[in-house]
Every structure is written in structure tokens, then in C-alpha cells.
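Input: a single structure, listed below in C-alpha cells.
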Number of protein chains: 2
Amino acid sequence: MDNTVRRHKYLLTEDQMPTTWYNLVANLPTPPPPPLHPGTRQPVGPQDLAPLFPMALIEQEVSTQRYIDIPGGVLDVYRLWRPSPLYRAHNLERALGTPARIYYKYEGVSPAGSHKTNTSVPQAWYNKLEGTTRLTTETGAGQWGTALSFACALYDLECEVWQVGASYDSKPYRRLMIETFGAKVHRSPSALTAVGRKLAEDPKNLSGSLGIAISEAVEVAAQDEKTRYALGSVLNHVLLHQTIIGEEALLQMAMAGDTPTHLIGCTGGGSNFAGLSFPFLREKLAGRISPRIIAAEPVSCPTLTRGVYAYDYGDTAGMTPLMKMHTLGHDFIPAPIHSGGLRYHGMAPLISHVYAEGMMEALAVPQTECFAAATLFARTEGIVPAPEPTHALALAIREAMKARDTGEETVILTALCGHGHFDLAAYDAYLGGRMVDENFDDARLNESLRSVPTVDA
Amino acid sequence: MDNTVRRHKYLLTEDQMPTTWYNLVANLPTPPPPPLHPGTRQPVGPQDLAPLFPMALIEQEVSTQRYIDIPGGVLDVYRLWRPSPLYRAHNLERALGTPARIYYKYEGVSPAGSHKTNTSVPQAWYNKLEGTTRLTTETGAGQWGTALSFACALYDLECEVWQVGASYDSKPYRRLMIETFGAKVHRSPSALTAVGRKLAEDPKNLSGSLGIAISEAVEVAAQDEKTRYALGSVLNHVLLHQTIIGEEALLQMAMAGDTPTHLIGCTGGGSNFAGLSFPFLREKLAGRISPRIIAAEPVSCPTLTRGVYAYDYGDTAGMTPLMKMHTLGHDFIPAPIHSGGLRYHGMAPLISHVYAEGMMEALAVPQTECFAAATLFARTEGIVPAPEPTHALALAIREAMKARDTGEETVILTALCGHGHFDLAAYDAYLGGRMVDENFDDARLNESLRSVPTVDA
């Protein structure tokens with residue numbers, strides 16, 4: 001071990017925490033296409049969304065204002081764990097023998113162990129202000145359900161979570177954590193909703209899916225005036241709330257005196273990726289920096305790299321508005337990889353738009369490469385990552401190894417959006433040699449792409 | 001929610017991190033009684049310990065030097081997660097309606113999720129310097145095994161962990177985390193050691209105990225010149241390494257402009273309690289502050305409050321040196337409470353000495369009160385605590401409620417030594433109404449106290 005004094009962490013004080021969210025829409029050369037009503041196929045209006053969301057969030061969803069103030073009551077809760085740390089991965093760099101400098105912004109310090117509380121807290125806050133007494137939601141991997149249950153505990157809101165059946169069965173600790181924060185958890189499909197009862201008649205639906213869980217949570221919210229629904233990714237207002245990640249990271253990279261040449265984040269619905277990259281994209285559009293911005297997605301769910309850019313439904317049943325996005329078809333069922341948070345057929349419309357405009361890149365990574373990266377990361381940096389951000393770590397390592405070969409100056413910033421304390425079964429599979437990479441089925445993709453509706457818009 | 005801006009965190013920079021450990025022995029009016037050889041009953045010498053520990057740690061074990069430099073290579077690893085945060089529990093205070101100010105020093109940010117890495121890292125470091133290639137240890141709750149496996153991964157040491165059988169069976173995620181850091185885990189009693197094979201002949205030993213696991217790890221270490229043993233609590237050098245907690249907390253309380261009237265920590269072997277309290281005890285002995293210093297222990301394992309202060313063995317089999325300590329008898333088997341880390345029949349000799357000299361207090365807390373405190377804490381502060389520090393939280397809440405009634409100025413500092421991400425089954429039992437408090441069996445204690453040997457020293 002050498003004796004160089006190395007600074008590992010770049011910490012902001014609570015006073016330095018950003019007090020506005022950043023809305024990328026304000027800086028885009030062209031606006032993203034609007035969502036369409038599934039029946040009329042006309043752009044949805046605020047009144048269409050009012051049964052599900054409070055007006056403050058609907059306004060944020062369609063806002064073109066560049067900066068939106070974070071309410072004081074939200075800032076105060078953010079301060080429980082924010083500003084989050086930015087780390088320099090000295091130990092990983094040395095293990096790789098790379099001259100590249102690798103930084104990671106770590107969101108695992110939050111109450112839920114991921115970035116999801118950045119949006120669950122304001123969503124609960126605005127709902128409380130507008131008289132909501134109960135929130136419903138779905139959860140797959142469990143991060144989002146945990147985050148929303150914590151936020152509801154703080155603001156004294158009831159919270160009911162429909163957890164995808166397979167996840168409910170295999171991840172009891174995630175359910176227990178949600179219950180510890182005081183929420184009710186239902187195994188989806190449940191007997192509590194009409195859609196759940198109907199879908200449960202078909203045995204293939206008994207293990208559940210995000211699409212089914214969304215339908216159940218939405219059904220319950222729509223039936224009661226004081227109950228609303230909360231979504232953990234995809235929508236503009238969710239991405240907006242996550243931009244505090246990138247705003248902090250900009251300040252922290254300045255503290256480090258370094259400028260990233262590569263920004264790498266994983267993409268499922270896209271909220272973590274957008275949270276880190278949109279403030280940097282603002283700086284790039286202004287010509288102040290010029291990093292490559294790269295989305296890392298699973299080979300098994302290659303929304304950006306293999307999907308089409310078209311209007312499609314957000315859920316399997318086709319009940320949500322049509323969104324113009326990169327999609328594998330709302331019928332697509334990804335292989336059961338360990339990154340539950342990345343198994344979504346579509347992509348946030350705002351990210352899809354940015355990608356279609358050529359402002360960013362995307363690459364797909366197989367999961368064994370992800371877990372090789374994650375294990376090395378754990379043994380050098382001391383943090384066991386959630387399966388989702390290991391995709392970004394794997395790409396970061398690819399770029400760091402290129403830098404070793406070419407000598408090109410490389411400064412990587414990646415988003416480590418959560419810890420993997422509830423995902424150790426995946427590490428067990430990897431370390432035990434039982435993890436395999438899917439032989440991606442092109443025929444199945446071509447089949448599911450046929451479920452994308454034809455929309456003239 | 002009121003609009004007061006409240007500062008939640010007191011963070012030190014890496015430059016402000018203490019660079020020495022504090023040795024309380026140097027400030028004590030009388031020295032603690034020495035450990036005795038189990039055969040000769042004479043004070044043990046360095047040569048007795050050399051097969052198990054590197055000389056640098058043996059020197060620390062008997063040192064009377066007040067401050068001991070932390071090696072640069074250890075400081076560099078500490079900086080991965082240290083300095084650790086000190087929090088003001090504003091949300092908890094408000095939920096309690098108390099005028100008391102409650103602070104907690106949080107060690108759950110470490111790679112193992114607890115304070116244990118503060119000593120695993122220097123132990124691995126000194127072993128590496130002295131040519132050790134493999135370390136063996138035991139683990140009960142799993143925190144210590146995790147911490148040592150992480151430290152061994154950093155310094156390229158092999159690591160083998162004997163995990164108490166019952167814990168191995170019920171906490172697979174702890175084992176998986178240890179394996180993710182690269183160590184081997186054996187279910188104890190194992191067929192790999194003579195003592196394991198012998199004890200496994202008696203069915204009552206098949207679920208294992210810390211005493212058995214210690215014997216196995218010690219046996220393997222003693223047989224091989226390049227293999228040594230590492231202990232996670234009790235010994236002086238372990239307590240020494242943990243004092244960085246209290247040294248940081250002193251600086252952070254000064255940042256907060258506040259002085260504790262109560263220091264509260266949980267005690268199992270005592271390393272977390274000593275780590276927080278010894279630097280404050282130094283200040284108290286010097287007359288600069290005057291906090292009450294209170295150990296919180298489980299009603300089911302009331303070492304300080306119900307034990308005798310006498311020479312006893314550290315393990316069940318009676319193979320270790322005799323230590324003068326508060327003990328329930330080395331035959332004592334505590335009820336299977338959820339705080340695995342506090343189920344130890346003895347107490348660190350240094351803490352026992354301090355307690356016997358009247359410099360601190362101790363109180364026993366039933367586990368349902370602990371989990372009531374923990375659940376309130378999770379829902380207000382966002383951190384799900386490990387079962388062990390919930391004992392300190394419960395006492396902190398008792399004192400905060402007294403302050404509400406009496407109006408007496410109360411400033412509580414408590415040690416939140418780890419998170420409970422691997423202990424959610426305990427929360428499940430509490431929330432499901434299935435957790436009970438033991439009706440403590442005096443007759444059983446009187447029986448086990450008879451196992452304390454008679455020593456003329």
C-alpha cells in the first residue's frame with residue numbers, strides 16, 4: 001500500500017444543498033412529444049390526471065420553467081441524508097491499474113437505500129398539502145415501495161403497496177422494511193381489486209408483473225377521492241425531483257477540481273440516469289463541458305438499444321396514457337435477471353426524446369459482467385451495490401480499461417443509485433457460478449414489438 | 001410541519017479525522033487487573049499470545065501510552081467511510097414532544113454496516129505487516145465476520161469465519177455478504193476442527209454458540225504459523241481502535257455547540273460503548289464535562305447489572321485466559337433474543353474495571369421496549385437500527401421523556417453502531433406481535449454463576 005494521502009469523499013454541507021430542481025425541458029431545442037389519452041388519442045390534459053395526482057405534480061409534469069423551488073418542508077426531510085456523498089474510487093482504480101479517475105455519486109445513504117426517496121418525499125408532501133390521506137403504488141424490486149412508505153410515515157399518510165408476486169415471495173426483507181415504515185403490502189395480483197381478481201384467473205399471471213401491480217394501485221386510487229397514486233420513475237415530475245443528484249454532483253466535481261469526460265448511469269424507467277445526467281447535459285448544451293453521456297441497460301431488456309421510438313402504453317393492460325418512448329412493446333416480458341428495477345419495457349419519454357435527438361448514447365451489458373464489476377467494487381470500495389447500478393459500473397470499468405490501453409485522459413462519473421443489502425441472493429448466484437447470461441431471443445422481441453400500437457400523431 | 005431550518009448532520013472533513021487512538025488506561029487512577037494464564041493462573045505474557053496475535057496488537061493490548069498513532073495505511077482505509085456522521089434527531093425529538101436534544105453517532109455507514117470495521121481494518125493491517133497470510137475468526141450476529149472479511153479483501157489476506165450454526169441457518173444474507181467480500185464461511189460446529197467434531201457429538205451443541213466458534217477459530221490459528229486469530233470485541237486493543245468514534249463525536253458535539261448530559265451506549269462485549277464513551281470519560285476525569293455515562297444491556301443478558309465481578313473464562317470451554325470482568329458465568333446461555341451481538345456472558349475487562357470504580361452506570365432493557373423505540377426511530381429518522389443499539393435508543397427515549405416531565409436540561413448522545421438491514425425478521429416479530437420479553441430465570445443465573453472459577457489473585 002502506498003503512502004499517498006488520498007481524498008475519498010467530497011461532501012457538501014447542508015447549506016450547500018441545491019434548493020431548486022432542474023427542468024431539462026426548458027433547455028431543449030425541441031419539446032418532447034406530449035402523452036396521449038388512450039381513448040381519444042388527443043394530448044392528455046390536467047383534468048385527465050387529476051384523479052391520480054395532486055395538481056402541484058401535474059403542473060410540474062407539464063412545466064417548461066427551468067428551475068422549480070424545492071419546498072422548505074421537503075428540503076428539511078432531504079437533509080436527513082442529503083447532500084449525498086460523491087466518492088473518488090481510488091481503491092478500484094488501483095485494482096484496475098488504470099490512469100482513469102473514477103467518481104461515483106452514492107444515493108444508498110437514503111432511508112430506502114436508493115435514490116427513490118428524492119421523489120417519494122416531494123410526492124408525499126404535495127399530496128399531503130392537497131388533502132390526500134392515502135397513497136397507493138406498485139413495487140417490483142422493492143426500492144420504490146420502501147421509499148414511498150418512509151415518506152408517508154413522515155407526513156402521516158396511509159400507504160398501500162402492491163408488490164409483484166414473485167418479488168413478494170422471494171424478497172421478504174424488502175416487504176418487512178416497507179412494513180417497518182408503517183405501510184401495508186399486498187401480494188399482486190391480489191383479491192382486493194377487480195383487475196387483480198380477473199387477472200388471477202389466468203395461472204400465468206399469478207407471479208405478477210409491474211404492469212399488473214400498477215393496474216391494481218391505480219384502480220384503488222381512482223375509486224376514492226382522498227386516495228391518490230404515486231409512480232417511482234418514467235414521468236417528467238419524477239425525473240425532475242431526481243435532478244438534485246446531478247446538481248449536487250456538479251458542485252462536488254468542482255470541489256474535486258475535475259471535469260468528467262464520461263457520465264454513465266443505468267436505465268430502467270430512467271429516473272436515476274436523468275437525475276445525474278440532466279444537470280450535466282444543461283452544462284453540455286451551454287458548451288461549458290463536453291462529456292459523453294452513456295446509458296447502461298441490461299442485454300435482457302434493451303429498451304434504448306433495441307426498442308423502437310413510438311407511442312406505447314406504460315402498462316401491460318394498456319390503461320395508461322400513450323407515451324412516445326423507446327419501447328420493446330408493452331407485451332415484452334424480460335428474462336428474470338436480478339436487476340428488477342431495470343425490467344421495464346419502456347423508457348422515460350424525456351430520456352427517449354434526448355436519445356432520439358442524439359444527445360446521449362446507450363449500451364447494453366450482460367449481467368455476469370455486471371456482477372464481476374460489482375464484486376470487485378465491493379472488495380475495493382466497501383459498498384455492495386444494488387444490481388441495477390452494476391450495469392453502469394461495468395461500463396465504467398470498460399472505459400477505465402480503455403484508458404489504460406490508450407492513455408487517453410478519462411474522468412468517469414457514475415451514479416451508484418443504491419446498495420444491494422436486499423439483493424445478496426444475486427451475489428450468491430454469481431459467486432456460486434450459477435448466474436448465466438440470456439441468449440437474447442430476437443424472435444420474441446419481434447413478436448412483442450407488434451404490440452406497439454399504430455398512432456398517427 | 002414547521003418551517004424552522006434544522007441542521008441534521010454534523011460532518012467532519014477527512015482532514016479533521018483523528019489520527020490517534022485513545023488509551024483510557026493512561027488516565028485511570030488504578031490500572032485494571034491483568035489477564036491470567038488458564039493453566040498457571042499467572043499474568044499472561046506476550047509469548048503466551050504470540051501464536052494468536054501479531055506483536056503490534058499484543059503491545060497495544062498492554063500499552064499504557066495515552067495516544068497511539070493510527071498507521072497511514074489504516075487512515076487511508078478509514079477514509080472510505082470515516083469520519084462518520086453525527087446526527088441531531090430533530091424528527092424523533094418532535095415525535096416525542098421532548099425539549100431534550102438527542103444526538104446519535106452513526107457507524108452504519110461502514111462497509112460492514114457497523115462499527116466493527118474500525119478494528120477489523122487495523123487488525124488485518126498489523127497482521128499483514130507481520131507476515132500473516134490468513135485470519136480466522138468467529139461470528140455470531142454476523143457483523144464482525146463481515147467486517148473482518150472486508151478488511152482481509154483489502155490487504156489480500158485469506159479469511160475463514162466460523163459462524164454460529166443457528167445464525168448460519170437463519171441469516172443467510174449475512175453469510176452471503178461475508179462471501180461477497182471473499183471470505184470462507186463455515187457452519188459451527190464444523191467437521192474441520194477437533195473441537196468441532198468432538199462437540200458435535202452432543203446434539204445440544206449442533207446449533208452452535210460463540211464459545212464453540214471461538215474454540216474452532218483459535219484451534220485452526222494455533223496450528224499454522226502464518227495463520228492468526230482476530231477477535232471483534234472485549235480485548236483492550238479492540239476497544240482502543242473503537243475510540244475513534246468518541247474522538248470524532250467530541251469534535252462534532254463542539255461543532256453543534258452542545259455538551260452531552262447523558263452518554264448512552266449498548267454493551268455486549270463492550271467495544272462500541274467504549275469507543276463512544278472513553279474519550280468523553282477522559283474529558284470527564286479532567287473535569288471539563290460531567291455527563292452521566294450509561295451502559296444499556298439486555299434484560300436477558302444482564303452482565304453488568306446482575307453479574308459478579310470476578311476472574312472468568314472468555315469462552316464456554318475454558319480455553320482462553322482468565323479475565324477479571326463482570327460475568328454471568330461462562331456456562332450462561334442467554335435467551336435467544338434478537339440482539340445476537342449482546343448475547344455474551346462477560347464484559348470487556350476495561351469496562352468492568354471502570355464500572356467497578358463507579359465511573360459509569362448500567363441499566364437493563366427488555367427487548368419489546370427496544371423495538372418500540374427502534375420502530376419510532378425508523379419512521380422519524382429514516383434509519384432502521386440493528387437490534388443491539390436499540391437498547392441505547394430505548395434508554396435515550398426514557399431520559400428524553402423524563403426531560404419532558406421535569407424540564408431539566410437534557411442533551412443525550414447515543415451510539416447507533418449499525419443498521420438493521422439483515423435483522424428485519426426481528427422487526428417482523430415485533431410488528432406482528434410475536435415478540436415477547438423473557439421472564440428472567442434467577443435460578444438459572446444462580447446455577448451459571450457457579451461456573452465462575454475461584455481464583456486467588
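In square nanometres, what is the average projected area of the Cα convex hull of region B:190-264?
Spelled out: convex hull of the Cα atoms, projected over all directions, averaged, 8.1 nm².
Working from the alpha-carbon coordinates of region B:304-457, get Rg over Rh, Rh being the Kirkwood radius.
1.01
Binning at 10 angstrom from zero up to the longest distance, how are the C-alpha pair distances of region B:1-148 distributed in percent?
Percent of Cα pairs in each bin: 9, 27, 32, 20, 9, 3, 0.
Given R₀ = 45 Å, FRET efficiency for A:GLU225-B:GLN16 by Cβ-Cβ distance, to 0.05? Walk me through the numbers on the way to the answer.
On the way: r = 53 Å, r/R0 = 1.18.
Calculated transfer efficiency: 0.25.
Nearest beta-carbon of B to the rotation axis carrying it onto A: which residue, how many whole Å?
That would be B:HIS421, 2, residue then distance in Å.
Note down the magnitude of the dipole of the protein assembly as shown about its Cα centre, charges +1 on Lys and Arg C-beta and -1 on Asp and Glu C-beta and zero elsewhere, to the nearest 20 debye.
Computed charge dipole of the protein assembly as shown: roughly 540 debye.
Return the Rg/Rh value of the protein assembly as shown, two decimal places, where both radii are evaluated on C-alpha atoms and Rh is the Kirkwood radius.
0.98
Report the label-to-label distance for B:TYR67 and A:ARG7 in nanometres (one decimal), using points 7 Å from each Cα along the Cα→Cβ vector.
For B:TYR67 paired with A:ARG7, the spin-label model returns 2.4 nm.
What number do you get for chain B when its Cα radius of gyration is normalised by 2.2 N^0.38 Å, N = residues? Spell out each step's value before the answer.
Numbers: Rg = 20.7 Å, N = 457, 2.2 N^0.38 = 22.6 Å.
Working it through for chain B, the quotient is 0.92.
Quick one: of A:LYS9/B:LYS116; A:LYS171/B:LYS128; A:LYS105/A:LYS402; A:LYS105/B:LYS105; B:LYS105/B:LYS324, which pairs are farther than 27 Å apart, Cα to Cα?
Going by Cα-Cα distance, A:LYS171/B:LYS128; B:LYS105/B:LYS324 fall outside the 27 Å limit.
Let's see if you can work this out: charge +1 on each Lys and Arg Cβ, -1 on each Asp and Glu Cβ, no other charges. What is the dipole magnitude of chain A about its Cα centre, in debye to the nearest 20? Show your work: numbers first, answer last.
Working: 38 positive and 48 negative charges, 130 e Å.
Here chain A has a charge dipole of around 620 debye.
Between chains A and B, what is the buried accessible area summed over both chains (1.4 Å probe, protein heavy atoms, nearest 100 Å²)? Intermediate results must be reported in sequence, preceding the final value.
Values: alone 17620 and 17620 Å², together 31010 Å².
Chains A and B together bury approximately 4200 Å².
Name the cysteines of the protein assembly as shown that stand alone by the Cβ rule: no other cysteine Cβ under 4.7 angstrom.
Cys with no partner Cβ under 4.7 Å: A:CYS266, A:CYS301, A:CYS370, A:CYS417, B:CYS266, B:CYS301, B:CYS370, B:CYS417.
What gaps in nm, shortest first, separate B:GLY407 from its twins in the other copies when you place the label 7 Å past Cα toward the beta carbon?
7.6
Can you give the charge dipole size of region A:253-361 about its Cα centre, rounded to the nearest 20 debye, using +1 on the beta carbon of Lys and Arg and -1 on the beta carbon of Asp and Glu?
The dipole of region A:253-361 has a size of about 200 debye.
Rounded to the nearest 5, what % of the DSSP beta bridges within region A:236-367 are antiparallel ones?
On the way: 7 of 17 bridges.
Among the beta bridges of region A:236-367, antiparallel pairing accounts for roughly 40 percent.
By how many nm would the segment from A:MET319 to A:ASP437 grow when fully extended, if each residue of separation counts as 0.36 nm and the alpha-carbon distance is taken off?
Difference between extended and current length: 39.2 nm.
Carbon and sulfur: what percent of chain B's accessible surface (1.4 Å probe)?
52
Helix B:236-256 against the longest principal axis of chain B: what's the angle in degrees, Cα atoms only, rounded to the nearest 10?
10
If we hang a label 7 Å off Cα along the beta carbon direction at A:LYS226, how far is it from the matching labels on the other copies, in nm, shortest first?
Result, one decimal in nm: 7.0.
Which distances, in nm and shortest first, link the B:ASP441 label point to the same label point in every other copy, taking 7 Å along Cα→Cβ?
Result for B:ASP441, in nm, nearest copy first: 5.7.
Per residue, how many Å² of accessible area does region B:212-275 show with a 1.4 Å probe?
On a per-residue basis, region B:212-275 sits at 23 Å².
Using Cα atoms only, what is the angle between the long axis of helix A:390-406 and the major principal axis of chain A, expressed in degrees (0 to 90) to the nearest 10?
Approximately 30 degrees, to the nearest ten.
Among A:TYR155, A:ASN91, A:ASN118, whose Cα sits farthest toward the positive end of the charge dipole of region A:71-178 (+1 at Cβ of Lys/Arg, -1 at Cβ of Asp/Glu, about the Cα centre)?
Highest projection toward the positive end goes to A:ASN91.
With 10 Å bins from zero, work out the P(r) of region A:224-327 over every alpha carbon pair and list the percent per bin.
13, 37, 31, 14, 4, 0
Can you give the accessible area of B:CYS417, probe radius 1.4 Å, in Å² rounded to 10?
Accessible surface of B:CYS417 is approximately 10 Å².
What is the list of residues in region A:205-230 whose amide nitrogen lies under 14 Å from a point 7 angstrom out from the Cα of A:SER170, following Cα to Cβ?
Under 14 Å, as judged by backbone N against the label point of A:SER170, lie A:207-210 of region A:205-230.
The values are calculated or read from the model by the stated rules, or taken from the named source; none is laboratory data. As the structure is a prediction and not an experimental result, all values here were calculated from the model. Heads up, the Cβs are rebuilt from the backbone with ideal geometry, glycines too, and the neighbour counts pull from every protein chain shown. Quick note on the areas: whole protein, heavy atoms, side chains included, nothing else; ligands and nucleic acids left out. Shrake-Rupley method; radii C 1.70, N 1.55, O 1.52, S 1.80 Å.
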